[in-house]
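Down below is the structure, laid out as structure tokens.
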Amino acid sequence: MRWFCLLFAVVLFSCSNENNAPDVSGIKMDVSVKRFDRDFFAMDTTQLQTSLQGLEQKYPEFLDLYFKYFAPIREIAAQNNAGFDSGLLIYYRFIRPLADSVEQKFPNTNAIEKGLEENLRYVKHYFPSFKTPEVITSVEGFNPNDPEEIYGATYYQDKLVLSLQMFLGKNYSGYDPSLYPDYLRRRFEPDYIVPNAMRAIAGELYADTSEGASLIEQMIEKGKRWWLMKKLLPHTPDSLITGYTAQQTAALQREEGNIWGVIMQNENLYSIESPTIQTYIGESPFTATLPQGAPGNIGPWIGWRIIEKFAAEKPELSIEQVLRTTAKQIFQEAKYKPK
């Protein structure tokens, strides 16, 4: 099969579906990014306690979160049989070159602020009670054992934390190819900051609880996040939502019916077997059961398409009502049969 041949004269970066974005121009949104990374690495380490007190005054809630969840200082101190201050200094000196690279790449956050303001208006439109988050930039060490690390954005307690070390460009020398293969590194570009931030927020607005469910249920439940992200990022290329290349995105759109046919032929959609589910769910460079070039993690994309079909058939439903509809009901009522 030649579904994923890259012989395109022109490649569209986003889905060809019509953009039905609502008018949100009247929604006030003011985003100011706080550069914790800059302030942290500007500390006077010869006056550590005084510097930490100053940071605590400026970031009264986040500093403790940074030490607890983002920076493994206590672990470093324990490994070196040292106190917290000594562990902090070890961490500081080790991470400082990375922070310098971030400062060089991001001398300002104007583009980030603009992108967040534009798209957070859609969050406020669809979810009026949503509170505009405090946006904080951070720098931490790499942690490839954390599957969420590659997205570089965390939403927690009305705080949106952007870990800028994950957006230094695919060719940044600090990204070890053995830990971050090509299909991941190409996403470590600044263009992914706002989409990944909205991904983190979407995950808070709708929590995926499908672990242990059947293949088709997990496809749809995980597809709900991408469907929601597109609502919150209506002018953003689909490739920045899915992580696929533009070529892969265009090929998937063209061959949607064939892809679904292969899955229907090869798989039991109601299987709960881990190997089957892992074939279609989760980050990976490709999907083994599909022709060469098909991206990995294709299950959520199929789920997204099914949800779109269901939502088109039920225009009276709000976004929240669609999200609350069970995967089984969505699949049954969508009657998904792509050509």
- [ ] Report E204's accessible area, 1.4 Å probe, all protein chains in place, as a number in Å² to the nearest 10.
- [x] 110 Å²
- [ ] Just name one of I220, P144, Y180: the one whose Cα is farthest towards the positive end of the charge dipole of segment 141-222 (beta-carbon charges, Lys/Arg +1, Asp/Glu -1).
- [x] Y180
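Going by the alpha-carbon gyration tensor, a ≥ b ≥ c the square roots of its eigenvalues, is segment 229-339 rounded (a/c under 1.5) or, if a/c is not under 1.5, prolate (a/b greater than b/c) versus oblate? Don't skip to the answer; put the middle values down first.
On the way: a/c = 1.70, a/b = 1.22, b/c = 1.39.
Verdict is oblate for segment 229-339.
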- [ ] Run the quick spin-label model on Q104 and F84: label points 7 Å from Cα toward the beta carbon, then report their separation in nm to one decimal.
- [x] 3.4 nm
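Run the dipole for the chain about the Cα centre, Lys and Arg Cβ at +1, Asp and Glu Cβ at -1, nothing else charged, and hand back the magnitude in debye, nearest 20.
Working: 35 positive and 42 negative charges, 152 e Å.
Around 720 debye, computed over the chain.
Return a whole-number percent for the relative contact order of segment 225-339, with Cα pairs under 8 Å and 6 or more residues apart as the contact set.
Values: 92 pairs, mean separation 27.8, N = 115.
It comes to 24 percent, rounded to a whole number.
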Task: Nearest-ten-degree value, helix 256-266 long axis tilted from longest Cα axis of the chain - done: 80 degrees
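Cβ under 12 Å from V262's Cβ, V262 left aside: what net charge do those residues give with Lys, Arg +1 and Asp, Glu -1?
Local charge sum for V262: -3.
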Open item on the list: Can you compute 3J(HN,Hα) from phi for each residue in segment 127-135, using the Karplus curve 6.51 cos²θ - 1.76 cosθ + 1.60 with θ = phi - 60°, rounded to whole Hz and x for Gly and Pro?
Closed with: 10, x, 7, 4, 9, 4, x, 6, 9
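Accessible area, 1.4 Å probe, largest first: how do M198, M43 sort? Walk me through the numbers before you get to the answer.
Working: M198 0, M43 20 Å².
So, going from the largest accessible area down, we get M43, M198.
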Open item on the list: Less than 14 Å from a label point 7 Å out along the Cα-to-Cβ axis of S51: which backbone N atoms in segment 90-111 qualify, by residue?
Closed with: 90-97, 99-100
Open item on the list: Between W260, W304, W226, where does the largest GNM mean-square fluctuation fall for the chain, given springs only between Cα atoms within less than 10 Å?
Closed with: W260
- [ ] Quickly rank 131-139, 47-55 as a protection proxy: mean count of other C-beta atoms within 10 Å, highest first.
- [x] 131-139, 47-55
TODO: For each pair in K314/K339; K58/K124; K222/K339; K222/K309, compute the distance between the two Cα atoms and list the pairs where it is over 18 Å.
DONE: K314/K339; K58/K124; K222/K339
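The values are calculated or read from the model by the stated rules, or taken from the named source; none is laboratory data. It should be emphasised that the depicted structure is a prediction, and the values quoted were computed from it without experimental measurement. Neighbour counts are summed over all protein chains in view; Cβ atoms, including those assigned to glycine, are modelled from backbone coordinates with ideal geometry. Calculation scope for accessible area: heavy atoms of the full protein, side chains included, ligands and nucleic acids excluded. Shrake-Rupley method; radii C 1.70, N 1.55, O 1.52, S 1.80 Å.
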